[in-house]
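One structure below.
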Amino acid sequence: MARLFISRDSTALSLGADNVANAIKQQADSKGLNVEIVRNGSRGLFWLEPLVEVETAQGRVAYGPVQVEDIASLLDGGLLDGTQHPLCLGNIEEHPFFKNQHRLTFARVGLTDPVNIEDYIAHDGYQGLKNALNLQPADIVKHVTDSGLRGRGGAAFPTGIKWNTVLNAPADQKYIVCNADEGDSGTFSDRMIMEGDPFVLIEGMTIAGLAVGATQGYIYLRIEYPHAKIALNQAIESAYQQGYLGDNIQGSGKTFHLEVRSGAGAYVCGEETSLLESLEGKRGLVRFKPPLPAIVGLFGKPTIVNNVISLASVPIIMDKGGDYYRDYGMGRSRGTLPLQIAGNIKYPGLFEVAFGMTLREILYDYCGGSASGRPIRAVQVGGPLGAYMPESQFDTPLDYEAFAAIGAVLGHGGMVVHDDTTNLADMARYAMEFCVEESCGKCTPCRIGSVRGVEVIDRIIDNVDKTKNTELLRDLCDTMLCGSLCAMGGMTPYPVLSALNHFPEDFGIETSKA
Amino acid sequence: MQDYQSQKPIVLDILDSHQVMPGNLLPILHGIQDTLGYIPPSAIEDIAKALYLSKAEVHGVISFYHYFRTTPPGKHTIRICRAESCQAMNGKALENHAKKTLGIDFHETTPDEQFSLEAVYCLGNCACSPSITVDDEVYGRVTPEKFDQLIAACKGTK
Ligand SMILES: Cc1cc2nc3c(=O)[nH]c(=O)nc-3n(C[C@H](O)[C@H](O)[C@H](O)COP(=O)(O)O)c2cc1C
Ligand code: SF4
Ligand code: FES
C-alpha cells in the first residue's frame with residue numbers, strides 16, 4: 001500500500017488540496033491501486049501547494065504544485081513509487097527553502113498526521129511534558145526563563161518572567177489563556193501550528209498549567225480559522241482520551257482542562273486584556289494596566305496570556321533544555337522566529353529561522369524577490385501596526401532590538417512585500433482607516449485621532465495646505481503615540497510615519513535630497 | 001424575515017445548554033448565529049433574561065463584534081480580505097469587481113437574497129493573496145475570473 005501526504009492546511013485547501021486528494025483516491029481506486037492518504041500540515045512552501053508527498057524506501061518524494069488535471073499522468077508515471085515526473089521535487093526537506101531553516105517549533109508540521117496522538121508521540125511529542133511532570137513548578141519556570149524565550153505575539157516580553165509572576169500570585173484558581181487571535185495581516189504561523197501540529201500547543205499549555213498551578217486553559221481562536229478549530233478540537237478530544245488532559249494527567253494526579261473559544265471578528269481582541277474581556281462575554285474594551293493580567297486576569301484571577309508560538313515553543317525547551325533553545329539567535333533575541341513572507345513575493349511561505357538573518361537574505365535569497373518581477377519597494381514587517389521598511393533598511397538583522405533601533409517592529413514575524421506599484425500614501429491612509437474600524441473606543445487619541453488621521457491624509461493627498469497638514473499629521477501621530485491606552489492607537493503611527501518619512505514623494509512632498 | 005416565535009425554542013435550547021459555562025455570552029451568540037444564520041433582534045430579550053443582563057448590554061456586545069449580524073444573511077456569504085497582503089496583490093481590484101458583479105456594497109445582501117458581501121481583515125491566507133471565503137471555504141489567488149466562476153458555482157447549487 002502506498003502512503004501519500006496531502007495537506008489539510010487552509011492555504012493548501014484554498015488552492016484545491018481537497019479536490020486533489022479526492023481525485024487521487026478515486027483514480028487510484030479505479031485502477032485498483034491501494035493508497036492511504038494522510039492529511040498533514042503544510043511544509044510551508046506555498047507556491048508548491050497543493051503538494052503531494054509519497055513515502056518510499058528512500059524517504060519521502062514530493063510533487064507539486066499538483067492540480068487535478070495532473071493526476072492521471074502522475075499515477076501513470078509511477079507517482080506511487082516516487083518516480084520522475086515534471087512535477088517531481090525530490091525530498092522536500094532538501095529543498096533550499098526548507099533545508100536552511102531551523103525547525104524547532106515547527107519540527108513536526110508537515111511531517112506528521114496533525115490529529116494522530118500516536119504519531120505525535122512517535123515524533124518526540126510529549127517528551128517535554130514528561131520532564132515537566134518530574135519537576136517542581138519553579139524549575140519548569142526556570143527552564144523557560146533560561147531559554148530566553150520572549151513573547152511571539154508582538155510585544156516580545158520575556159515569557160519566563162510572566163510565568164514567574166503568575167506562579168508567585170497566590171490564588172485558588174489560575175488560568176492559561178492562549179492568544180490565537182492572530183489578527184495581524186501577513187501572518188499565519190499560529191494557524192499553521194494549530195492546523196499542522198495542534199498537540200504541540202496543547203502540550204505547551206499543559207506545561208504552563210503545571211508551571212504556575214493553573215488547572216484550566218482556554219484557546220481564544222479567531223473565527224476566521226474554522227479549520228484550526230476542527231484540528232484543535234480533534235486533538236483535544238484525543239488528548240483527553242489518552243490521559244494527556246483531564247484530572248489525572250498520565251497518572252500524576254495533576255489536572256489540566258482545555259477548551260477552545262471563538263472570537264467574533266474584532267482585531268482589538270488580540271490585545272490581551274481586550275481578549276480577556278471577550279472571554280468573559282463582554283465587549284472587547286481594553287483594560288487599564290496595572291493590574292497586569294498575570295495578577296488580575298481572567299475572571300479576576302492570575303492568568304498567563306501567551307501567543308500560540310510562545311506556548312508551542314515550550315515543549316522543545318522542556319525536552320531539550322533551555323540552553324538548547326537559547327543557543328539559537330542573536331543578542332537578546334534568542335531561539336527561532338517563524339517568519340511568514342507574503343504579499344507580492346515569488347516564493348511565499350513559512351520560514352522558521354534563528355534570529356539574526358537579514359531581511360535581504362530572506363526576501364531575495366530564499367523568497368526570490370517580488371512575484372510581479374518588479375522591484376520591491378517596501379516591506380511591512382510586524383503586521384498592520386508595523387513600519388514600512390524601504391530597501392535601504394533591508395540589511396537589518398532579524399532581531400527585536402535592531403528593529404526597534406530604526407523605529408521598526410519585528411512583532412509576530414509577518415512580512416508583507418510591496419512592489420513599486422504600491423502607493424505608500426494610500427497604505428498610510430489605510431492604516432488610519434483600519435484603526436477607525438478596529439478601535440475599541442475607550443480612549444480619545446485612538447478613537448478620534450484615527451478619524452482625523454484619515455481626513456488629514458486625504459487633504460495631503462488632495463494637495464490642500466500640504467505643509468500645514470503634514471505638520472498636523474505628525475502632531476496627531478505624536479498624540480496617538482503618547483496618549484493611547486494600547487498599541488492599537490499607540491502604534492498606528494508606525495506605518496503612517498514610516499510611509500511619510502521614507503516615501504514622501506507618494507504624498508506629493510518634494511524631497512530635499514532630489 | 002422569519003417570525004421569532006418559530007425561532008424562540010431554538011434560542012431557549014441554546015441558552016439552556018450553556019447555563020453553567022463561565023463567560024457564556026459569546027458561545028451563546030455563536031450558537032444562535034450558527035443555527036439561524038443571524039441573531040434575531042427579538043432574541044435579545046430572552047438572552048438578557050437568561051444571563052441576568054440588561055438588553056442594552058447584550059446589544060452592546062452584539063454590535064461590538066463585526067462577525068455578529070442581526071439581519072438574515074443571503075444564501076451564500078462572501079468575505080473579501082481587505083488587508084495589506086491582499087492589497088499588495090490587487091485585492092482592491094477584486095473588491096471592486098465583486099461589488100460591481102453582485103451590485104452590492106459591503107454589509108449588504110443582493111435583492112434575490114442569494115449573496116451577502118462582507119469585508120474581512122486577513123484570513124491567514126496571505127501567502128496566496130488575494131483571498132476570499134465563500135461560506136466556509138477559503139480561496140487563494142482569486143482573480144476576477146476565478147471570482148466569477150465561484151459565483152457561478154454557487155448559483156448552480158440553488
Ligand atoms: C491591537 C493589538 C492586537 C494584538 N493582537 C494579537 C494577536 O492577534 N495575537 C497575539 O498573540 N498577540 C496580540 N497582541 C499582543 C497581546 O496584547 C499580548 O502582548 C500577547 O498576547 C502576549 O503573549 P506573548 O507574550 O506570548 O506574545 C495584540 C496587541 C494589540 C495592542
Ligand atoms: S488605543 Fe484604541 S484600541 Fe487601544 S484602548 Fe485606546 S481606543 Fe481602545
Ligand atoms: S492579508 Fe488577506 S489573507 Fe492575510
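The values are calculated or read from the model by the stated rules, or taken from the named source; none is laboratory data. Being a predicted model, the structure only gives us computed values, none of them experimental. Positions of Cβ are generated from backbone atoms using ideal geometry, with glycine treated the same way; all protein chains shown enter the neighbour counts. Areas reflect the complete protein model, heavy atoms only, side chains present, ligands, DNA and RNA absent. Shrake-Rupley method; radii C 1.70, N 1.55, O 1.52, S 1.80 Å.
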(message) With the requirement that a residue be on the phi > 0 side of the Ramachandran plot and within 11 Å of another protein chain (Cβ to nearest Cβ), what does segment A:420-466 give you?
(response) A:Gly441
(request) Give the residue, chosen from B:Tyr65, B:Tyr139, that is within 16 Å of ligand 1 (Cβ to nearest atom) and either in the same structural domain as B:Ile28 (by TED's automatic domain parsing) or hydroxyl-bearing (Ser, Thr, Tyr) (or both). (result) B:Tyr65
(message) Looking at A:Asn131 and the list (1) more than 26 Å from the chain's Cα centre (by Cα); (2) closer than 30 Å to A:Gly369 by Cα; (3) not aliphatic (A, V, I, L, M), which single condition is not satisfied?
(response) (2)
(request) Need at least 2 residues that are out of contact with any strand residue (DSSP E or B) (no Cβ under 8 Å at 6 or more places or on another chain) and free of Cβ contacts under 8 Å to residues at least 12 places away in the same chain per element, so show me which helices (runs of 4 or more DSSP H) inside segment A:73-183 make the cut, counting only ones lying wholly within it. (result) A:117-122
(message) Quick test for you: out of A:Ala264, A:Ala231, pick the one residue that is closer than 29 Å to A:Cys440 by Cβ, open to solvent by less than 10 Å² (accessible area, probe 1.4 Å) and either within 16 Å of ligand 3 (Cβ to nearest atom) or not assigned by TED's automatic domain parsing to the domain that holds A:Ala17 (or both).
(response) A:Ala264
(request) Among the residues of segment A:184-204, write down those that are among the small types (Gly, Ala, Ser) and part of a loop (DSSP other than H, G, I, E, B). (result) A:Ser185, A:Gly186
(request) Please work out which residue is farthest from ligand 2 (Cβ to nearest atom), limiting yourself to segment B:107-124 and to residues that are under 13 Å from B:Arg82 (Cβ atoms) and at the interface with another protein chain (Cβ under 7 Å from one of its Cβ atoms). (result) B:Leu123
(request) Output the residue which, of all residues in segment A:265-274 that are touching a helix residue (DSSP H, G or I) at 6+ places or on another chain (Cβ under 6 Å) and not hydroxyl-bearing (Ser, Thr, Tyr), is farthest from ligand 2 (Cβ to nearest atom). (result) A:Cys269
(request) Check off (1) of a type outside the set (A, V, I, L, M); (2) crowded, with 23+ Cβ neighbours inside 10 Å; (3) away from chain B (no Cβ under 13 Å) for A:Gly243 and give me the number that stays unchecked. (result) (2)
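Go over the candidates B:Ala127, B:Ala153 one by one and state the one that is more than 16 Å from ligand 2 (Cβ to nearest atom), surrounded by 19 or more Cβ atoms within 10 Å (Cβ to Cβ) and more than 19 Å from the chain's Cα centre (by Cα). Full working, then the answer.
Details: B:Ala153 fails: surrounded by 19 or more Cβ atoms within 10 Å (Cβ to Cβ).
B:Ala127 is the lone residue from the list that is more than 16 Å from ligand 2 (Cβ to nearest atom), surrounded by 19 or more Cβ atoms within 10 Å (Cβ to Cβ) and more than 19 Å from the chain's Cα centre (by Cα).
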(message) I'd like the full set of residues that are more than 18 Å from the chain's Cα centre (by Cα) and within 11 Å of chain B (Cβ to nearest Cβ), limited to segment A:322-344.
(response) A:Asn344
(message) I'd like the full set of residues that are more than 7 Å from chain A (Cβ to nearest Cβ), in contact with a Phe, Trp or Tyr (Cβ under 9 Å, 6 or more places away or on another chain) and open to solvent by 10 Å² or more (accessible area, probe 1.4 Å), limited to segment B:19-37.
(response) B:Gln33
(message) Out of the residues in segment A:307-363 meeting the condition of being assigned to a strand (DSSP E or B) and among the polar types (S, T, N, Q), tell me which one is farthest from A:Leu129 (Cα to Cα).
(response) A:Thr358
(message) Between A:Thr187, A:Thr206, which is within 14 Å of another protein chain (Cβ to nearest Cβ), open to solvent by less than 10 Å² (accessible area, probe 1.4 Å) and touching a Gly at 6+ places or on another chain (Cβ under 9 Å)?
(response) A:Thr187
(request) Would you confirm whether any residue within segment A:254-268 is within 11 Å of ligand 1 (Cβ to nearest atom), closer than 28 Å to A:Arg150 by Cβ and in a helix (DSSP H, G or I)? (result) yes
(message) Which residue is farthest from the chain's Cα centre (by Cα), if the candidates are limited to segment A:371-400 and must be within 22 Å of A:Cys477 (Cα to Cα) and in a strand (DSSP E or B)?
(response) A:Pro390
(message) I need the full set of residues from segment A:283-303 which are within 14 Å of chain B (Cβ to nearest Cβ) and open to solvent by 10 Å² or more (accessible area, probe 1.4 Å), in order please.
(response) A:Arg283, A:Leu285, A:Phe299, A:Gly300, A:Lys301
(request) Quickly run through segment B:64-89 and pick out the residues that are more than 16 Å from ligand 2 (Cβ to nearest atom) and either within 9 Å of chain A (Cβ to nearest Cβ) or under 19 Å from A:Met432 (Cβ atoms) (or both). (result) B:Tyr67, B:Phe68, B:Arg79, B:Cys81, B:Arg82, B:Ala83, B:Glu84, B:Ser85, B:Cys86, B:Gln87, B:Ala88, B:Met89
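Where in segment A:401-514 are there helices (runs of 4 or more DSSP H), lying wholly inside it, with at least 3 residues that are within 23 Å of A:Ala266 (Cβ to Cβ) and open to solvent by less than 20 Å² (accessible area, probe 1.4 Å)? If you could, list the steps in order and put the result at the bottom.
Values: elements: A:424-438, A:444-461, A:466-483, A:487-491, A:493-502.
In segment A:401-514, A:424-438, A:444-461, A:487-491, A:493-502 are the helices (runs of 4 or more DSSP H) which contain 3 or more residues that are within 23 Å of A:Ala266 (Cβ to Cβ) and open to solvent by less than 20 Å² (accessible area, probe 1.4 Å).
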(request) Check A:Ile317 against each of (1) within 14 Å of chain B (Cβ to nearest Cβ); (2) more than 16 Å from ligand 3 (Cβ to nearest atom) and name the one condition it does not meet. (result) (1)
